[in-house]
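Visitor: One structure follows; several queries about it will come next.
The values are calculated or read from the model by the stated rules, or taken from the named source; none is laboratory data. What you see is a predicted model; the values in this text were computed from it and never measured. Please note: Cβ atoms are built from the backbone with ideal geometry, for glycine as well, and neighbour counts cover all protein chains shown. Side chains included, ligands, DNA and RNA excluded: accessible areas come from the protein's heavy atoms. Shrake-Rupley method; radii C 1.70, N 1.55, O 1.52, S 1.80 Å.
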Amino acid sequence: ASYLAVEGIELVKNKRDENFLKNMNWIQGLQNNCLASDMCTIDPIDLVNGINQCPTISEVPTCAPLKYDTSLNLYNYSSGPTTIFTRKISISRVSDFGNNDREITSEVFWTDRFGPHTYILKDHIFNWQ
């Protein structure tokens with residue numbers, strides 16, 4: 001679960017870096033789908049079209065569970081059997097640095113024979129261009 005949370009943070013950073021390389025807004029594709037109130041999923045197989053806002057059910061963002069593709073050895077949302085893990089990613093503004101800083105929260109949820117579990121990891125990204 002901790003590795004999946006770290007991967008969620010890294011996927012956001014990868015998208016930010018891709019935006020810089022394409023001369024786009026540094027949080028393009030993330031700003032509308034991954035707001036803290038909505039949360040999102042990011043598919044590592046498709047960083048262009050794989051950023052999706054989680055549907056809201058009873059005012060709670062409900063993200064799809066991750067799948068695991070054994071041929072790619074990769075957790076994703078496109079192929080493989082469904083796993084017990086669900087990852088939610090959110091991005092929120094940090095007022096201390098104006099428009100050049102965002103806090104990323106990557107949450108991984110799962111339930112096993114010991115009950116429900118949550119692992120939460122937070123980090124910051126900056127508009128370093």
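Visitor: Hey, got the dipole for the range 79-129? About the Cα centre, +1 on K and R Cβ, -1 on D and E Cβ, debye to the nearest 20?
Guide: 180
Visitor: Right, something else. How far is helix 2-21 tilted off the main Cα axis of the chain, in degrees rounded to 10, range 0 to 90?
Guide: The helix 2-21 is inclined about 30 degrees to the chain.
Visitor: Also, I was wondering about something else. Spin-label point model (7 Å from Cα, Cβ direction): what's the N73 to W128 distance in nm?
Guide: 2.7
Visitor: I'd like the carbon and sulfur percentage of the solvent accessible area for the range 81-129, probe radius 1.4 Å, heavy atoms only, ligands and nucleic acids excluded.
Guide: 54
Visitor: Separate question: At a Förster radius of 22 Å, what calculated FRET efficiency corresponds to the Cβ-Cβ distance of I120 and R93, to the nearest 0.05?
Guide: After rounding, the FRET efficiency stands at 0.75.
Visitor: Express in nm, to one decimal, how much length is gained between T111 and L35 on full extension, taking 0.36 nm for each residue of separation and deducting their alpha carbon distance.
Guide: Values: separation 76, 0.36 × 76 = 27.36 nm, distance 2.52 nm.
So the extension gain works out to 24.8 nm.
Visitor: If you place +1 on the Cβ of every Lys and Arg and -1 on the Cβ of every Asp and Glu, how big does the dipole about the Cα centre of the chain come out, in debye to the nearest 20?
Guide: In total the dipole reaches around 40 debye.
Visitor: To the nearest 500 deg cm²/dmol, what mean residue ellipticity at 222 nm is calculated for the chain from DSSP H runs of n ≥ 4 alone, each contributing -39,500 (n - 2.57), summed and divided by the residues?
Guide: Numbers: 1 runs with 20 residues, N = 129.
Estimated from H runs of four or more residues: -5500 deg cm²/dmol.
Visitor: Need one word for the range 1-99: rounded, prolate or oblate. Basis is the Cα gyration tensor (sqrt eigenvalues a ≥ b ≥ c); a/c below 1.5 gives rounded, then a/b vs b/c decides.
Guide: Verdict is oblate for the range 1-99.
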